[in-house]
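Some notes on the structure that comes next.
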Amino acid sequence: MKRTRTLVLCCIAMIALSATVTASASASLPEFVGPFPVGFAAKSGATTVETVKGAVITCAADKGAGEVTGPKTGTVTITFSGCEFVTLGLPCNTVGAPPGEIVTATLVMTLGYINEPKKEAGIDLSTATGGPMMEFMCGPLPAKVIGSVIGKVTPVNKLIKPPGHFTLKFAQAGGVQKPTHFEAGPIDVLSTSFGGGPFVESGLASTDTLTFPVPVLIAA
């Protein structure tokens, strides 16, 4: 009888331990699975930044270089080309860059859930210091973009081998970002200021491809 009770207790302990490990693993997701650090290249077609007051900046394309530094983290710098302040018909560029070229600060990447039950993962872009993501001139007008922004990354739970790629899609409508936050996280959006004026909520629309030199998976 004593031996039977001991076996039962051992089984219960094993089940509890297994549940704890499973819960712990689930809590760590989503995450990059692969060698770290690992570099990647990014590129996209047209990009739009729009404020809720209707100011619009468009860029014809972008390219970037970054590095995934851990299961949930990385960095990237993006260069936009063919940029114009459409509202006033003015070309835009970062000081020192060619006309039409806007260069971001070094951006911090954070992987998180947009919707955990649906296994929808996203990458948040921000700056480590909280400073501007972008500073540039549109004609005589100085402009700054601050805050952070989340894009949906796909696919998940699929090993992507070269020359395959991940897709990182940022979506907005009327200056309102979609999504505005990670699941159970704080509001996470951009704001833009022109000519030293007040910062106005803004949305970013762009579809980027992320290409790695080695097989990488996003586990969700």
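What does the accessible area per residue of the chain come to in Å², with a 1.4 Å probe and no ligands, DNA or RNA counted?
About 50 Å² of surface per residue is accessible.
Are there any trypsin sites (Lys or Arg not before Pro) in segment 117-220 that are in a DSSP loop and have at most 13 other Cβ atoms within 10 Å? List them by number.
Qualifying residues, ordered by number: Lys118, Lys158.
Quick check: net charge around Ile57, other residues with Cβ under 14 Å of its Cβ, Lys/Arg +1 and Asp/Glu -1?
On the way: positive: Lys53, Lys144; negative: Glu50, Asp62, Glu84, Glu101, Glu135.
After counting each charged neighbour, the total is -3.
Where does the charge balance sit around Val176 when Lys and Arg score +1, Asp and Glu -1, over other residues with C-beta under 14 Å from its C-beta?
Spelling it out: positives minus negatives among the neighbours equals -1.
Amide H to amide H, which residues 5 or more places from Ala61 or on other chains are under 5 Å from it, using H placed in the peptide plane?
Amide H neighbours of Ala61: Thr47, Ser81.
First measure r as the distance between the Cβ atoms of Leu90 and Lys63, then evaluate 1/(1 + (r/R0)^6) with R0 = 25 Å and state the FRET efficiency to the nearest 0.05.
Computed FRET efficiency for Leu90 and Lys63: 0.65.
Just to confirm a number: summing +1 for Lys and Arg and -1 for Asp and Glu over residues other than Thr48 whose beta-carbon lies under 15 angstrom from that of Thr48, what do you get?
-2
Ranking request for peptides 57-69, 188-200: highest mean number of other beta-carbon atoms within 10 Å first, then the rest in descending order.
57-69, 188-200
What is the set of long-range amide H partners of Gln172 at a cut-off below 5 Å, with H atoms built 1.01 Å from backbone N?
Amide H neighbours of Gln172: Lys178.
The values are calculated or read from the model by the stated rules, or taken from the named source; none is laboratory data. Note that the structure is a prediction, hence the values are computed from the model and not measured. Please note: Cβ atoms are built from the backbone with ideal geometry, for glycine as well, and neighbour counts cover all protein chains shown. These accessible areas exclude ligands, DNA and RNA; they are computed on the full protein's heavy atoms, side chains included. Shrake-Rupley method; radii C 1.70, N 1.55, O 1.52, S 1.80 Å.
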